[in-house]
1. Give me a count of the residues in the stretch 108-167 that are in the same structural domain as LEU201 (by TED's automatic domain parsing) and basic (Lys, Arg).
2. Cβ-Cβ under 9 Å, sequence separation 6+ or interchain: first residue in the stretch 284-297 and under 16 Å from GLY219 (Cβ atoms), partner aliphatic (A, V, I, L, M) and outside any helix (DSSP H, G or I). Which pairs?
3. Which of the numbered conditions does ARG242 fail, given that it passes all the others? Conditions: (1) surrounded by fewer than 15 Cβ atoms within 10 Å (Cβ to Cβ); (2) more than 19 Å from GLU148 (Cβ to Cβ).
4. Just a yes or no: is a residue in the stretch 196-215 outside any strand (DSSP E or B), touching an Asp or Glu at 6+ places or on another chain (Cβ under 6 Å), at positive phi and modelled with pLDDT of 85 or more?
5. Could you list, ordered by first residue, the pairs with Cβ atoms under 6 Å in which the first is in the stretch 300-318 and within 19 Å of LEU366 (Cα to Cα) and the second is of a type in the set (Asp, Glu), at least 6 apart or interchain?
6. Mind listing just one residue for me: the one in the stretch 324-363 that is farther than 18 Å from ILE180 by Cβ and in contact (Cβ under 8 Å) with a residue 60 or more places away in the chain and, of those, surrounded by the most Cβ atoms within 10 Å (Cβ to Cβ)?
7. From the list GLU98, GLU12, GLU47, exactly one residue is surrounded by fewer than 16 Cβ atoms within 10 Å (Cβ to Cβ) and assigned by TED's automatic domain parsing to the domain that holds LEU129. Which is it?
Amino acid sequence: MAGVFAIPAYRELIAGRGNEHEVMLGYSDSNKDGGFLTSGWELYKAEIELAQVFKQHGVRLRLFHGRGGSVGRGGGPTYHAILAQPAGAVSGQIRLTEQGEVISTKYGNADTGRRNLEVLLAATLEASLTDHENRVEPAEQFHTVMDELSLRAFNAYRGLVYETPGFNTYFRQSTVVSEIALLNIGSRPASRKASERIEDLRAIPWVFSWAQCRLMLPGWYGFGSAVDGYLAANPSGMTTLRRMVKSWPFFQSVLSNMDMVLAKTDLAIASRYAELVVDADLRQRIFSQIKAEWALTRKHLLAILEQNDFLADNPMLKRSLQLRSPYMDPLNHLQVELLKRHRAGETDERVARGIHLSINGVASGLRNSG
């Protein structure tokens, strides 16, 4: 942006638009490439630098957050997400996307839509008029801790997704990604190229597939290893992490979203999907690795939040999930059985239709899965 601002012709263009410029932040592919924690942290740092560059050049910044419905694509409660922005990143305005099933949930009727727009307005005003980030204590002192956690989480995530032999095969066989590609629900093809590489897969089917098998992997994987490594190197680090979650809105938002995602996971159901992997050794090796990271993430998340279980501070959502499970869980089991038949070569069109209906049902039950 500093380079663009140095171009006289472009600067004239900006002046003609009231010295205001918009920058879009993308959450989905950065998450698929580097994992949940690293994606959020790198975007946060980019916002700080952008705010500084724009201030130096006397240009007003409007950030456009390309958020998806799921936490793995930048989703989560909008009010808290806006208040979790770094100081100076929201200066009277913000732009964001609402996608997928979130649109009907938030704007399905006039009263609900008005209420959600009021929440957006209130958060934007509060973030613009108050230094929410440094209200309790300066947030900058925690940046080096986040750098360390991010690097460790990045290595754990990349180690599984891009460096574990056979992971792509495991992903293709244990999720509904192939069947999702046949659904007429997306604006673009599932992959950018005629390839089965994860690098070429679009972020929406990536996140959606992990939600369907109830692992929700893009919304938490790597955090457990990151905290484990950090605590091993810093024996008193838990005190610091608890201070961070109590005083820093960004870290609060990250952990709150992770808490919600983990509450929606179900390892017993996920193990049924793992059985779809033909190679038993590959299945055992990768699923056990995912299970171990889930247990580590749960342990450290609850310790930092000082909770005994997920959603301890959100009983309404916890109760809502408990009420939805009896309707949603059988759909997952049905989906696994239909996938087995479909992949075994059964040509009855009712099998394919049943898979698509179950996908729709599970997505509706989870709500923010795409």
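The values are calculated or read from the model by the stated rules, or taken from the named source; none is laboratory data. Source: prediction; values computed, not measured. Glycine gets a Cβ as well: all are built from the backbone with ideal geometry, and neighbour counts include every protein chain shown.
1. Here the count works out to 2.
2. Pairs that qualify, where the first residue is under 16 Å from GLY219 (Cβ atoms) and the partner is aliphatic (A, V, I, L, M) and outside any helix (DSSP H, G or I), are ILE290/LEU215; TRP294/LEU215.
3. With respect to (1) surrounded by fewer than 15 Cβ atoms within 10 Å (Cβ to Cβ); (2) more than 19 Å from GLU148 (Cβ to Cβ), ARG242 is out only on (2).
4. yes
5. Pairs that qualify, where the first residue is within 19 Å of LEU366 (Cα to Cα) and the partner is of a type in the set (Asp, Glu), are PHE310/ASP259.
6. ASP329
7. Working: GLU98 fails: surrounded by fewer than 16 Cβ atoms within 10 Å (Cβ to Cβ); GLU47 fails: surrounded by fewer than 16 Cβ atoms within 10 Å (Cβ to Cβ).
Residue meeting the stated conditions: GLU12.
Residues are listed down the side, and each one gets a yes or a no for (1) closer than 18 Å to GLY219 by Cα; (2) hydroxyl-bearing (Ser, Thr, Tyr); (3) at pLDDT 95 or above:
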{"site": "PRO138", "(1), (2), (3)": "no, no, no"}
{"site": "GLU148", "(1), (2), (3)": "no, no, yes"}
{"site": "ALA153", "(1), (2), (3)": "yes, no, yes"}
{"site": "VAL161", "(1), (2), (3)": "yes, no, yes"}
{"site": "GLY166", "(1), (2), (3)": "no, no, yes"}
{"site": "PHE171", "(1), (2), (3)": "yes, no, yes"}
{"site": "ILE180", "(1), (2), (3)": "no, no, no"}
{"site": "ARG188", "(1), (2), (3)": "no, no, no"}
